[in-house]
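Only the coordinates and a few stated rules stand behind these numbers; no lab work does. Model, not experiment: these values are computed from the prediction. Counting neighbours? That spans all protein chains shown, and the Cβs are built from the backbone with ideal geometry, glycine included.
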Amino acid sequence: MGQPVREYLLTLCITAAVTYLLTGPVRKFAIAAGAMPEIRARDVHREPTPRLGGIAMFGGLCAGLLVAAHLTNLKDVFELSNEPRALLSGAGLIWLLGVLDDKWGVDALIKLGGQMIAAGVMVLQGLTILWLPVPGVGPVSLTPWQGTLLTVALVVITINAVNFVDGLDGLASGMVCIAAAAFFMYAYRIWYGYGLESAAPATLFAAVLMGMCLGFLPHNIHPARIFMGDSGSMLIGLVLAAGAISITGQVDPDAMKLFAGSETAAVHATVPVYIPLLLPLTVIAVPFADLVLAIVRRTWRGQSPFAADRGHLHHRLLEIGHSHSRAVLIMYFWSALIAFGAVAYSVNSVGTWFVMAIVALSGVGLVLLLLPRFTPRVPRWAEGFVPPRYRRGNREAAEAAADTGAVAEGGAEDGAAAGQVAEESAPQPVPAGINGATAIGDRSRFTHRRRIGTPQ
């Protein structure tokens, strides 16, 4: 193989373009099919919004793999390995299960069984963990049953972790995109830096996953015009798990030839070998922590671990005063810090500066958590690059409108006039008929936010 960086980028772009172009027609199809469930008590959005965004993401996955199969360097991945076909088989099953759940609803135990079947299909086609690099021992071969159980467990955990975090507009797709970017950097370094072609499938999976998320994110960013639903969240969770399984159990650590020299040097040199054991968890550390906390919280209350509630991390951020967009960006920040920090740690040249940088960035993250109502002032030359709420002119107009309303309270005549002006300038509500406001018109903007747990 050569250096197929451009081919990976082409695959990523094709996947993103197909996903982006398919999302619009899929949205209209979801509206026509009635895949717009009623707003639940735990939901943050206030308008019925179509789901089934996973259909477009699955189309992007198929397009990316199809293009990669015809490229000069990447086609060897399909000729030398059966892993892409295994991924496509498992992804098709999990996607179909998600589509059924988005339209009619599927019991949680049935979904769990479907996830295990999808993982088993991948195992039958060769996408499984064959050995584990154990510190101080070296590679330990696994029996077929051990490899199957470990593979199924990793797939189920990753799928549900991503599914649990899919609670805010653009949250799951953005976090998985960050995780895929970090995973791509690690997998490509193993493939090209050590000359191990067995890491090429995992690199391809990460590139395709990034394209799926980037193509869907413009439609899903707040306020979302379509949700990915379980058909999308379970799909991207399975693709992320497939990449982790491929590079963890298929790449032979002995092939890296890192066990020469002194014991200290060998331990330091084999850090990249042990990172795959941790990377699948670090790239989803935030959603995995949310998953564990949700199970503990619900079990403590005597509820089913699969019962829905409003106690997720993103709900907590909204409760302490963060806006929707700020809560999503904070989750992005922590995901990027953990995922890219783990990848950077696998590079042997890191040292004290790396630890200091992680500590400094963690401090920045804590400050952001403690300043929920802080609104940054953006220079006028940069106002075109930020959302309207951060622009100086809009803030001044809002303050002036508030002052006008306060003055108008002094007189009945002035108050009536001000009320008439406010009524004329206020955005008219779009009737939420059978298709919902978001589905039939422009995205509505709300002038107020209700606190979580209070009635509308």
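Descriptive notes on the structure:
- Under 5 Å between amide hydrogens, built in the peptide plane, is the criterion, and for MET228 it picks out GLY53 among residues at least 5 positions away or on other chains.
- Using 0.36 nm per residue and subtracting the Cα-Cα separation, the extra length available between CYS62 and LEU112 on full extension is 15.6 nm.
- Per-pair calculated FRET efficiency, R0 = 51 Å: TRP104 and VAL140 via Cβ, rounded to 0.05: 0.70
- Taking a ≥ b ≥ c as the square roots of the eigenvalues of the Cα gyration tensor, segment 101-206 is classed as oblate, since a/c reaches at least 1.5 and a/b does not exceed b/c.
- HN-Hα J in Hz across segment 90-105 - Karplus 6.51, -1.76, 1.60, θ = phi - 60°, x for Gly and Pro: x, 5, x, 5, 5, 5, 4, 4, x, 4, 4, 5, 5, 8, 10, x
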